[in-house]
Each structure stands twice: as C-alpha cells, then as structure tokens.
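A.B. asks: Okay, here's the structure, questions in a sec.
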Amino acid sequence: MSKKLVDKTVNLDLVGVDGNAYVIMASFKRQATKEGWSTKEIDLVLEEAQSKDYNHLLSTILDYCQVENRD
C-alpha cells in the first residue's frame, strides 16, 4: 500500500485469528470501533481491503494493526 487512508492503527494481533476474510475484517472492525474510530474511517479501510484479492485484504488490514507490548 502506498498511502494510508487513515493515519491510525489499532492494537490488534491477528496471529491465531481464523484466516477467513470475514473473520479478519470483523476482528479489525470490532477493535477499531472499541478504539473510537469513526464509521467512515473503518469503512475506508475495509473498502480498500476488499478492492482486490485475499492477499491485498490481509496486507491492508495488517497495515492498520500494531500490537502494543504491555511489558
């Protein structure tokens, strides 16, 4: 992805999440909502994620995920 549509990330680790595209998108949407993202911001990311193939979907969602270490 060349330019991020939303200048934010969510605290989401997709390791261990079912690899189904709908499960990945739902996990992202649930966490983004929990972290106060607007519906428009979430929709922008999900629309871009769905614009191509599965690899693009996964890559796009991962661009907006950053796991926070709580050590």
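A.B. asks: Anything in the range 53-71 that is among the charged types (D, E, K, R) and free of Cβ contacts under 8 Å to residues at least 12 places away in the same chain? List them, or say none.
C.D. replies: Asp53, Arg70, Asp71
A.B. asks: Taking into account only those residues within the range 1-15 that are out of contact with any Leu (no Cβ under 7 Å at 6 or more places or on another chain) and among the β-branched types (Val, Ile, Thr), which is modelled with the lowest pLDDT?
C.D. replies: Applying the filter and picking the extreme gives Val15.
A.B. asks: Can you tell which of Leu46, Leu12, Leu5 is touching a strand residue (DSSP E or B) at 6+ places or on another chain (Cβ under 6 Å) and not acidic (Asp, Glu)?
C.D. replies: Unique residue meeting the criteria: Leu12.
A.B. asks: Can Leu12 be described as touching a Cys at 6+ places or on another chain (Cβ under 6 Å) and not basic (Lys, Arg)?
C.D. replies: Answer is yes for this residue.
A.B. asks: Could you grab the pairs with beta carbons closer than 6 Å, sequence gap of 6+ or different chains, first residue in the range 32-52 and assigned to a helix (DSSP H, G or I), second one of a type in the set (Phe, Trp, Tyr) and surrounded by 12 or more Cβ atoms within 10 Å (Cβ to Cβ)?
C.D. replies: Val45/Tyr64
A.B. asks: Out of the residues in the range 18-45 meeting the condition of being over 13 Å from Cys65 (Cα atoms) and aliphatic (A, V, I, L, M), tell me which one is surrounded by the fewest Cβ atoms within 10 Å (Cβ to Cβ).
C.D. replies: Val23
A.B. asks: Taking the range 47-64 as the search range and keeping residues that are buried (at least 18 other Cβ atoms within 10 Å of the Cβ) and not acidic (Asp, Glu), which one is farthest from Lys3 (Cα to Cα)?
C.D. replies: For the range 47-64, the residue satisfying everything is Leu57.
The values are calculated or read from the model by the stated rules, or taken from the named source; none is laboratory data. Not measured: the values here are computed from a predicted model. Positions of Cβ are backbone-derived with ideal geometry, glycine not excepted, and every protein chain shown enters the neighbour counts.
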